[in-house]
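Worksheet: the structure to be examined is printed underneath.
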Amino acid sequence: MNNKPEKKPRFVMDLAGSFIAVTICIFAAFYLIWTISQGGAGSGRGGLAVGEVAPEITAAGWVNGEPPTDLAGKVVVVDAWATWCHPCREKAPELVEIYNQFADRDDVVFIGLTSDEASVLPAINSFLEESGITWPNGYGASESLQKFQANYIPSVWVISRSGKIAWNYDSPGDLESAIRKQL
């Protein structure tokens, strides 16, 4: 009795290796096509680009009050987040710290937006309270988030006094510097 494993012919092994390589190439091609269809390979995560006119900000409802109805002439910071988003929770302390630096200014407005619906208001309120976020936050804001092209969260935009996107996560520099530059 021979206990040696049976050797497969080399062409079977070459065929298996070729199949794996072709499969990887096909998946890579599909991934590239999908990435391009989602905004382009290497387009980053900033969403609506610097220089674009900021869309109107709407939401189904508001927590922590409503934002000013007239944002003209103000520097506006828009934060896209969700209750289930762990990176949003991690980024919140930094946002609160930056907000506190500008909280006494009438010409700087922070607005949070989430696509979370009214059905999760307890979770929304809990997220805001635990994070120390006190500025107005709109829930059910899917339409606005689509217009901001918020394909990733958290995302943040700085809107200039003239109503155009002045900074996003793809921009050089940090959020605080971007706000100061617009003042």
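Nothing in this text is a laboratory measurement; each read-out follows from the coordinates by a stated rule. In this text, all values refer to a predicted model and were calculated from it rather than measured experimentally. Using ideal geometry, Cβ is built from the backbone for each residue, glycine included, and neighbour counts are taken over all protein chains shown.
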- Residues located in the stretch 133-155, provided they are under 19 Å from residue 67 (Cα atoms) and in contact with a Lys or Arg (Cβ under 8 Å, 6 or more places away or on another chain): 155
- residue 133: passes all of (1) crowded, with 21+ Cβ neighbours inside 10 Å; (2) outside any helix (DSSP H, G or I); (3) in contact with a strand residue (DSSP E or B) (Cβ under 6 Å, 6 or more places away or on another chain) but (3)
- Which of (1) within 15 Å of the chain's Cα centre (by Cα); (2) of a type in the set (Asp, Glu); (3) loosely packed, with under 14 Cβ neighbours inside 10 Å is the odd one out, the single condition residue 70 does not satisfy? (1)
- Mind counting the residues in the stretch 144-155 that are closer than 20 Å to residue 109 by Cα and surrounded by fewer than 20 Cβ atoms within 10 Å (Cβ to Cβ)? 1
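Residue check: is residue 146 within 21 Å of residue 73 (Cβ to Cβ) and assigned to a helix (DSSP H, G or I)? Lay out the reasoning, then the answer.
On the way: within 21 Å of residue 73 (Cβ to Cβ): no; assigned to a helix (DSSP H, G or I): yes.
Answer is no for this residue.
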